[in-house]
Amino acid sequence: MTVRGAGGGGGGGGINSNSSAGTGGLSRFKATDAGYGSDLVANGGVGGAGNQAGKAGGAGGTATGGSTNTPGAPGENGSGGGGGDGGAGAGPGGGAGGSWTSSGGNPGTAPGGGGGSAFAGGGSGGGGGGSGYSTRTFAIAALTPGAVVAITVGTGGSRGNGFRDGGLGARGEVSISWS
């Protein structure tokens, strides 16, 4: 059985905002519930900073507990010539980051893409960070029949508000496959 997880993407920063957009939620396969070892955790990307909070792009999310743990791409910093694009979600099939526009940031695509920031008249926000990605394969002998395992799917980060709003971070994802 193979489990893959991606957290939620961070939201994009808004214009004339002195706060940062929301951080994406973590996705988790709680393997410890059934004695399968450590939990598989993919953290969400950090939200981009608003225009009046430094315009910094959000950091990409981290991941732990998998045989592969890949951090998400950071969001781009905003500048006087344009807003920051959102970072891509990590791993195969990770969602793209949203782009900045003069009318407000575009959302990231699922799973885990960070939202783009807004830009207008030289003001801009930072793009949201992409989600972390984690995957692990469990041997058949490691699985206990009838065991219950909690699964959490991360939400996308909220957008930064202001004169122009940033884009929403994309939702996370947990997938389970077996043969």
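The values are calculated or read from the model by the stated rules, or taken from the named source; none is laboratory data. Remember, predicted model here, so these are calculated numbers, not experimental data. With ideal geometry, Cβ positions are generated from the backbone for all residues, glycine too; neighbour counts draw on all protein chains shown. Side chains are part of the model used for accessible areas, which takes the heavy atoms of the whole protein and leaves out ligands, DNA and RNA. Shrake-Rupley method; radii C 1.70, N 1.55, O 1.52, S 1.80 Å.
Against the condition closer than 30 Å to SER103 by Cβ, open to solvent by 20 Å² or more (accessible area, probe 1.4 Å) and among the basic types (Lys, Arg), how does LYS55 come out, does it pass? In short, yes.
The set of residues from the stretch 71-90 being open to solvent by 30 Å² or more (accessible area, probe 1.4 Å) and under 12 Å from the mean Cα position of the chain (by Cα) comprises PRO71, ALA73, PRO74, ALA88. The residues of the stretch 29-46 that are over 14 Å from ALA6 (Cα atoms) and buried (at least 20 other Cβ atoms within 10 Å of the Cβ), listed by number, are ALA31, TYR36. Candidates GLY84, GLY66, GLY91: the one that is in contact (Cβ under 8 Å) with a residue 40 or more places away in the chain, of a type in the set (Gly, Ala, Ser), in a loop (DSSP other than H, G, I, E, B) and more than 30 Å from PRO145 (Cβ to Cβ) is GLY84. So which residues in the stretch 55-104 are at pLDDT 90 or above and touching a strand residue (DSSP E or B) at 6+ places or on another chain (Cβ under 6 Å), if there are any at all? Across the stretch 55-104, the qualifying residues are ALA56, ALA63, THR64, GLY65, GLY66, SER67, THR68, ASN69, THR70, GLY89, ALA90.
Okay, residues lined up against (1) farther than 15 Å from GLY167 by Cβ; (2) of a type in the set (A, V, I, L, M, F, W, C); (3) in contact with a strand residue (DSSP E or B) (Cβ under 9 Å, 6 or more places away or on another chain):
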residue	(1), (2), (3)
ALA6	yes, yes, yes
GLY11	no, no, yes
ASN16	yes, no, yes
ALA21	no, yes, yes
GLY25	yes, no, yes
GLY37	yes, no, yes
VAL46	no, yes, yes
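Reported count of residues in the stretch 144-176, each being of a type outside the set (Val, Ile, Thr) and open to solvent by less than 50 Å² (accessible area, probe 1.4 Å), is 13. Taken residue by residue, the stretch 18-28 has no member that is of a type outside the set (Val, Ile, Thr), part of a loop (DSSP other than H, G, I, E, B) and over 20 Å from GLY115 (Cβ atoms). So, ALA49, is that one of a type in the set (A, V, I, L, M), at pLDDT below 95 and surrounded by fewer than 24 Cβ atoms within 10 Å (Cβ to Cβ) or not? Considered against the rule, which asks whether it is of a type in the set (A, V, I, L, M), at pLDDT below 95 and surrounded by fewer than 24 Cβ atoms within 10 Å (Cβ to Cβ), ALA49 comes out as no.
Restricting attention to the stretch 107-116, which residues are out of contact with any Phe, Trp or Tyr (no Cβ under 7 Å at 6 or more places or on another chain), open to solvent by less than 60 Å² (accessible area, probe 1.4 Å) and more than 15 Å from ALA6 (Cα to Cα)? Once the filter is applied, which keeps residues that are out of contact with any Phe, Trp or Tyr (no Cβ under 7 Å at 6 or more places or on another chain), open to solvent by less than 60 Å² (accessible area, probe 1.4 Å) and more than 15 Å from ALA6 (Cα to Cα), the stretch 107-116 yields only GLY115. Residues of the stretch 128-143 that are open to solvent by 40 Å² or more (accessible area, probe 1.4 Å) and part of a strand (DSSP E or B): THR137 alone.
In the stretch 161-175, the residue that is nearest to GLY126 (Cα to Cα) out of those that are within 15 Å of the chain's Cα centre (by Cα) and in a loop (DSSP other than H, G, I, E, B) is GLY166.
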